[in-house]
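Bear in mind these aren't lab numbers, they're just calculated from the coordinates by the rules spelled out. Quick caveat, the model's predicted, so the values are computed rather than measured. Glycine also receives a Cβ, built like all others from the backbone with ideal geometry; neighbour counts cover every protein chain displayed.
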Amino acid sequence: MIDALLLAIIASTPLLLAVEGEVIVQRSGMINLGIEGLMLAAAMTSLLITPGFLGGIAGAAAMAALFGVFAIVFRADQIVTGTAINFLALGLTGFLYREMQDKFARPITHSKIDGIAIAAWIVIPIVLAFLLWRTRFGLRLRACGENPEAVAAAGHSVALHRWAALAIEAILAGLAGAHLALVLSNGFAENMTAGRGFIALSIVIFGRWKIKGALLGTAVFGIAAAAQYALQATGHGLPFHLLLAIPYVVTLLILCGITGRVRAPEALGRS
């Protein structure tokens, strides 16, 4: 059981990194449905660019920059833009994978808690919480998500703060995608993020747009994943695909339970 819990912590690390990045972005007033695409691009570029984690950040940054150009500069609909980013990443990575399949194989290395997992669960939450709630930058960033007109009236750039939030998300999503490909998997596979970006979006809602909520929501998902691993190990004869669905069903039930009880940032999704 302990081994299953450790594996669940490692396995949910990419999800937690994505959630932490999306909390920052949504606090600034944007909703980036393209987080799935950022992670998928990062997973691929981490295997093409050395060192791998910097390569992952580069891939996520490219997708984040594209999202920012349309959502911040051209003020396009953020939901449509994020969806387009996901389709672009899925198609582009799928094409490159089929063309260069031999370049995307790596040995599996997830035998113990790694440095990225420790940072994701301990260091990064502390840093982000301090940034959001104990700095002037964090105050202005949160104001961009609540009342961007007031931020602009005070002489500060809403666009600049949203670009900064998007840059933070790109770093975290890049680490998430790279961790998925370099630590959890034996290389790259098409659509290997498997909906983690959308689960991250739901956990942001569950966590009420707070870092501690992000940790709690991801922990719930991780515990459900650990239960899945334990059930697989006991071999009760349950269908494999049914076991894989357990963490996602738990997440869905949690969301159903909190519907109508949360308040999003007032300017979320507004251009």
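Couple of notes before you dig in:
- Ranked by the mean number of other Cβ atoms within 10 Å of their residues, highest first, the peptides 219-226, 132-139, 33-40 come out as 33-40, 219-226, 132-139.
- Difference of contour (0.36 nm per residue) and Cα-Cα distance, residue 149 to residue 50: 31.4 nm
- Using C-alpha pairs below 8 Å separated by at least 6 residues, the relative contact order for region 2-258 is 36 percent.
- Note on the chain: helix-only mean residue ellipticity at 222 nm, from DSSP H runs of 4+ residues weighted -39500 (n - 2.57) and normalised by residue number, equals -21500 deg cm²/dmol.
- Cα→Cβ-extended label distance, 7 Å offset, between residue 189 and residue 102, nm: 2.2 nm
- For the chain, modelled as a GNM whose springs connect Cα atoms under 10 angstrom apart, the maximal fluctuation among 195, 52, 174 occurs at 195.
- Per-residue ³J(HN,Hα) for region 137-154, Karplus 6.51 cos²θ - 1.76 cosθ + 1.60, θ = phi - 60°, Hz, x for Gly and Pro: 4, x, 4, 5, 5, 5, 5, 4, x, 9, 8, x, 5, 5, 5, 5, 5, 7
- Distance between modelled label sites at residue 216 and residue 126, nm, 7 Å Cα→Cβ extension: 2.1 nm
- For the options 184, 175, 131, a Gaussian network treatment of the chain with springs between C-alpha atoms closer than 10 Å singles out 131 as fluctuating the most.
- Taking Lys and Arg as +1 and Asp and Glu as -1, the other residues whose beta-carbon sits under 15 Å from that of residue 14 total -4.
- Amide proton proximity set for residue 187, modelled H, under 5 Å, gap of 5+: 106
- Formal net charge of residues neighbouring residue 216 (Cβ-Cβ distance under 12 Å; K, R +1; D, E -1): +3
- For the pair residue 249 and residue 266, the difference between a 0.36 nm per residue extended length and the Cα-Cα distance amounts to 3.2 nm.
- Ordering 151, 19, 250 by the number of other Cβ atoms within 10 Å of each residue's own Cβ, fewest first, gives 250, 151, 19.
- Simple label model, 7 Å out from Cα along Cβ direction - residue 92 to residue 118, nm: 3.4 nm
- Gain upon complete extension [residue 137, residue 3; 0.36 nm per residue less C-alpha separation]: 44.2 nm
- The HN-Hα couplings worked out from phi for region 215-229 by the Karplus form 6.51 cos²θ - 1.76 cosθ + 1.60 (θ = phi - 60°) are 5, 5, x, 5, 5, 4, 4, x, 5, 5, 5, 4, 4, 4, 4 Hz, whole numbers, x standing for Gly and Pro.
- Selected from 157, 12, 202 as most flexible by GNM, with the chain as the system and alpha-carbon contacts under 10 Å: 157
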